[in-house]
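First comes the structure, then the notes that go with it.
The values are calculated or read from the model by the stated rules, or taken from the named source; none is laboratory data. On a predicted model such as this, the values are computed, not experimentally measured, just so you know. Don't worry about glycine lacking a Cβ; one is built from the backbone with ideal geometry, like all the others, and counts go over all protein chains shown. These area figures cover heavy atoms from the full protein model, side chains too; ligands, DNA and RNA do not enter into them. Shrake-Rupley method; radii C 1.70, N 1.55, O 1.52, S 1.80 Å.
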Amino acid sequence: MKTQVVAICGMPGSGKGELSKLANQNGIPVLSMGDMIRAETEKRGLEETPGNIGLVVVSLRSQFGEQILAERLLPSIENLSMTSVPLILIEGIRGTAEANVFREYWGNDFSLLGLISDEELRWQRILLRGRGEDGDREDFATRNTRERKWGLGELIENAEYKIENNSTLDNLEIEFKKWLDVIKSSF
């Protein structure tokens, strides 16, 4: 059985984490690129703040290349695919270099799912979730700019699948299930 690998891309606060929870509830494994950064920040003995998270991700990318997180995630994806799961989600792809690694490795079995949300709504969600990495409105703007520079806007725009997430969690669940029916039909 072939495994489909789908990377979720979306601006900060667009609902990637919520979509990942829905996937888990439906028995779909999810690997988080953001968790990789948080773990690296902790490994370096740094507090989880917007500045430290940004510092770690920029440091990794400048030291090892824009594609480093994708390369580091490949063995985990490969191990999961050997368990014969039909679908694996990658939460939080942010750059074209990362997508290129996955496309090169998985070919037509890789695709992108873009989450689209209005900026003000994303900011309100970030205020509610209260992660240490989130910070204030200026940190939010800095993060948006940094992630766009990596090609996140291009990834969202060119994603094979898109879900608009400008409503409720219940609506996101409905849209996720519609998408899941579409992706499952390709297995």
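Divide the volume of the convex hull of the Cα atoms of the chain by its number of residues and quote the answer in cubic angstrom per residue.
Values: hull volume 20.7 nm³, N = 187.
Taking only Cα atoms, the chain has a hull volume of 111 Å³ per residue.
Kindly give Rg over Rh for region 2-94, based on alpha-carbon atoms, with the Kirkwood expression for the hydrodynamic radius. Please report the intermediate quantities before stating the final value.
Working: Rg = 13.9 Å, Rh = 14.1 Å.
Rg/Rh: 0.99.
Can you compute the helix-only [θ] at 222 nm over the chain? Use -39500 (n - 2.57) per DSSP H run of at least 4 residues, normalise by all residues, nearest 500 deg cm²/dmol. Show your work: numbers first, answer last.
On the way: 9 runs with 108 residues, N = 187.
That calculation yields -18000 deg cm²/dmol at 222 nm.
Amide H of F110 versus every other amide H placed in the peptide plane: which residues, excluding those fewer than 5 positions away on the same chain, fall under 5 Å?
V5
Tell me, in nm to one decimal, what length is gained between D170 and R148 on full extension, where the rule is 0.36 nm per residue of separation less the Cα-Cα distance? Spell out each step's value before the answer.
Working: separation 22, 0.36 × 22 = 7.92 nm, distance 2.84 nm.
Extra length available between D170 and R148 comes to 5.1 nm.
Check which residues have an amide H placed less than 5 Å from I93's amide H, if you skip close sequence neighbours.
The list, which skips near neighbours in sequence, is I8.
What are the residues whose amide H is under 5 Å from the amide H of L46, where those residues sit 5 or more places off or on another chain and H is modelled from the backbone?
none
In nm, to one decimal, how far is the modelled label at D136 from the one at L121, with both set 7 Å along Cα→Cβ?
Between D136 and L121, the simple spin-label model gives 2.7 nm.
Among L115, F64, T168, which residue has its Cα positioned farthest towards the positive end of the charge dipole of the chain, with +1 placed on the Cβ of Lys and Arg, -1 on the Cβ of Asp and Glu, and the dipole taken about the Cα centre?
F64
May I ask you to derive the relative contact order of region 39-187, considering only C-alpha pairs under 8 Å and at least 6 residues apart, and to give it as an integer percent? Mind dumping the intermediate values first?
Details: 119 pairs, mean separation 41.6, N = 149.
RCO, region 39-187: 28 percent.
Just read off the accessible area of E48 with the full protein assembly in place, 1.4 Å probe, to the nearest 10 Å².
The value for E48 is about 70 Å².
Where the centroid of each part is defined by its Cα atoms, how far is region 87-140 from region 30-61 in Å?
Answer, in whole Å: 15.
Percent of accessible area on the chain owned by carbon and sulfur, 1.4 Å probe?
About 49 percent, which is the carbon plus sulfur part of the accessible surface.
How far, in nm, would the chain grow between S186 and N158 when pulled straight, counting 0.36 nm per residue and subtracting the alpha carbon separation?
8.2 nm
Taking springs between alpha-carbon atoms closer than 10 angstrom, which of A97, A141, A23 fluctuates most in the Gaussian network model of the chain?
Comparing A97, A141, A23 in a Gaussian network model of the chain, the most mobile one is A141.
Once Lys and Arg get +1 and Asp and Glu get -1 on their Cβ, which of G54, A39, L74 lies farthest toward the positive end of the dipole of the chain?
The Cα lying farthest towards the positive end belongs to L74.
How high is the relative contact order of region 1-105, in percent, counting Cα pairs under 8 Å that sit 6 or more residues apart? Don't skip to the end; give the middle numbers.
Numbers: 114 pairs, mean separation 51.0, N = 105.
So the answer I get is 49 percent.
Per residue, what accessible area does the chain have, given a 1.4 Å probe and all protein chains present, in Å²? All intermediate terms of the calculation are to be shown ahead of the outcome.
Working: 9180 Å² over 187 residues.
Per residue, the chain has 49 Å² of solvent-accessible surface.
Calculate the translational D of region 108-187 in whole µm² s⁻¹ from Stokes-Einstein, where the hydrodynamic radius comes from the Kirkwood formula applied to all Cα pairs, the temperature is 10 °C and the viscosity 1.306 mPa s. Intermediate values should be presented prior to the final figure.
On the way: Rh = 14.4 Å.
The estimated diffusion coefficient comes to 111 µm²/s.
Rounded to the nearest 20 debye, what is the charge dipole size of region 1-159 about its Cα centre when +1 sits on each Lys and Arg Cβ and -1 on each Asp and Glu Cβ?
In debye, rounded to 20, region 1-159 gives about 140.
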